[in-house]
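Asker: My structure is below; once you've seen it, I'll send some questions.
Since every read-out is calculated from the coordinates, none of them should be taken as a lab result. Because the structure is a prediction, the values reported are computed rather than measured. FYI the Cβ positions are ideal-geometry reconstructions off the backbone, even for glycines, and counts take in every protein chain you see.
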Amino acid sequence: MDAPDTALLDTLNALHGLPGQLRFAAGPGGLPFVQIHNRHATAQVSVYGGQVLRFQPHEAVSDLLFVSQQATYQTGKAIRGGVPVCWPWFGPDPQALGRPNHGLARTRLWSVASTAALPDGATRLALALTDTPDTRAIWPHAFELTLEITVGAALRLSLSTRNTGEAPFAITQALHTYLAVSDVAQTTVNGLDGCRYLDKAAGAHGAITQQQGAVRFAGEVDRIYTGAPAELDIVDGASGHTLRISAEGSRTAVVWNPGAALAAGMADLADDDYRRFVCVETANAADEVVTLPPGGEHRLVAEMFTVPTRFGGPLPSHGT
């Protein structure tokens, strides 16, 4: 998709635009974007991929999310940064059939289900994705996937999966959040002390390890933490800012940064971009598989907000 579909944008603005608060416009590659500006924050969402790309509360000095300057905005390709939706599987194809990493949701054009201006000044956008012959050729199940995005002083993402078919299905998933930091070497993730994790970094051979203290980044980090607490703090030591992520419907947290060597081989990431982000993902992954019967529904929620410095001390240890 290169040229913007002006008829689509006009229709979306007529049906779902909120004057002075939410509008649809063409983004890079002609993709339909949602621009949100309210009394709390500004945000940007790509309808393609159902992907939040930017979120900046008005009191924040910069965007809380990271998007690569070399990101690809093209149908069939994933956008590097923001909050990609990994679904209906996280990581490699679980059946080794050659299907894309992280499933199909992040490379599909979603539909706009609704928008609303909320009484507290926040803005809610609901996007939807349902099965089609194309999706069933990749993953043979009937489903309704809904992502509710609430932009206020906090960014709240609620991903609901409903099984609309006649047989049960199993999923893994993640809200793959890229968080902007000043310097990854001075960044820590607090709240995972004592948790066990599957180490997927190069050379780790899938070892199961127990976290000791805060998570730090001295090279490639690729870990799936099990038994994770509902709240995690990302402390940007260089700026002194703390971001908190609160999760619902999840007992798995994924922490990822490619490090210098891996980043150098990624076409949609500058060689030194690894220094400017960490991924702390709200997930159902590894052994946390969600099985839904016909008519069943599961909701995965991530809410992120800045913590005032005077209250922003480390979270207590999470022991075994």
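Asker: HN-Hα J couplings of segment 24-31 from phi, Karplus 6.51/-1.76/1.60, θ = phi - 60°, integer Hz, Gly and Pro as x?
Answerer: 9, 8, 6, x, x, x, x, 5
Asker: Near Ala286, within a Cβ-to-Cβ distance under 11 Å, what is the net charge of the other residues, with Lys and Arg +1 and Asp and Glu -1?
Answerer: Every neighbour counted, the sum reads +2.
Asker: For every other residue with a beta carbon closer than 12 angstrom to the beta carbon of Tyr48, add +1 if it is Lys or Arg and -1 if Asp or Glu, then tell me the sum.
Answerer: +2
Asker: While we're here: To make sure I understand, if each residue's beta carbon is the centre and we count other beta carbons within 10 Å, what order do Asp236, Asp271 fall in, fewest to most?
Answerer: Exposure proxy ranking, most exposed first: Asp271, Asp236.
Asker: When the helices in the chain are scored as -39500 (n - 2.57) per DSSP H run of 4 or longer and the sum is shared across all residues, what 222 nm value do you end up with, to the nearest 500 deg cm²/dmol?
Answerer: That comes out to -2000 deg cm²/dmol.
Asker: Using a 10 Å cut-off around each Cβ, can you sort Val45, Val221 from fewest to most neighbouring Cβ atoms?
Answerer: Fewest-to-most ranking of Val45, Val221: Val221, Val45.
Asker: Quick check on the exposure proxy: order Glu148, Glu297 from fewest to most C-beta atoms within 10 angstrom.
Answerer: Glu297, Glu148
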